Amino acid sequence: TANAVAIQADGQIVVAGQYRGIYQGDLAVARLLPDGDLNSAPVAPAGNFNGTGMNYIHPGGAESDDSARAIAFQTIAGDGAAQRIVIAGNTGDGLAAVARFTASGDVDTSFNSVGYVTNDFGGSNAVAGVAVDGSNNIAIVGSVFGGQIYEAAPAGLPGLRLSAASNTTDGFLAVYSV
């Protein structure tokens, strides 16, 4: 299921959503050529994504129905200005989730060593958007349903911290510094 789309500078289309595979649902990302065909080129620079044109990650529990809802691009300085793909969504456990992939579609394990981070902002979290600012901070916004809203910083994340969070009666804004 596709839920978000962004266009790379080279015209390729990157889609984020849900892949239904091993688990109930995974955060997924796919890259299409400008003509709409899945980019399943086996080698860089044309594609990768494991030669399939798509990749996925499962940040929730074993029976969690995870889904990406938003997508953004992030350029990492000192890495040959390599572009990363950032997707954000929800786990079936009610957590907010952010995952990052390399330009070639691999899970970016330099992001929290597992390629993703999850947060509980109270109740059931529903991520609605993600953006990357000029300082490479990743910001997510969303809603909270049920429960008391609170701020929960990611625990034990070297190089990644929740640098700001604000909550209203039914929503959140979180900014991650990398």
Next item on the list: Please find, within the stretch 152-165, the residue that is modelled with the lowest pLDDT out of those that are part of a loop (DSSP other than H, G, I, E, B) and open to solvent by less than 30 Å² (accessible area, probe 1.4 Å).
Entry: Leu157
Notebook entry, point to check: Which condition breaks for Ile149 when tested against (1) at pLDDT 80 or above; (2) open to solvent by 10 Å² or more (accessible area, probe 1.4 Å); (3) in contact with a Gly (Cβ under 8 Å, 6 or more places away or on another chain)?
Noted result: (1)
Checklist line | Matching option when the condition is aliphatic (A, V, I, L, M), within 22 Å of Met54 (Cα to Cα) and open to solvent by less than 50 Å² (accessible area, probe 1.4 Å), among Ala126, Ala139, Ala99 | finding: Ala99
Notebook entry, point to check: Pick from the stretch 56-86 the residues that are among the hydroxyl-bearing types (Ser, Thr, Tyr) and farther than 18 Å from Asn39 by Cβ: which of them is surrounded by the most Cβ atoms within 10 Å (Cβ to Cβ)?
Noted result: Ser67
Checklist line | Residue among Gly89, Gly105, Gly17 that alone is modelled with pLDDT of 85 or more, under 25 Å from Asn136 (Cα atoms), touching a helix residue (DSSP H, G or I) at 6+ places or on another chain (Cβ under 8 Å) and open to solvent by less than 10 Å² (accessible area, probe 1.4 Å) | finding: Gly105
Checklist line | Positions within the stretch 108-123 being open to solvent by less than 40 Å² (accessible area, probe 1.4 Å) and β-branched (Val, Ile, Thr), in sequence order | finding: Val117
Margin query: For the structure I just gave you, tell me whether Gly47 is at negative phi, modelled with pLDDT under 90 and surrounded by 18 or more Cβ atoms within 10 Å (Cβ to Cβ).
Written below: yes
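The values are calculated or read from the model by the stated rules, or taken from the named source; none is laboratory data. Keep in mind the model is a prediction, meaning the values are calculated, not measured. Cβ sites come from the backbone with ideal geometry, for glycine too, and all protein chains shown count toward neighbours. Side chains are part of the model used for accessible areas, which takes the heavy atoms of the whole protein and leaves out ligands, DNA and RNA. Shrake-Rupley method; radii C 1.70, N 1.55, O 1.52, S 1.80 Å.
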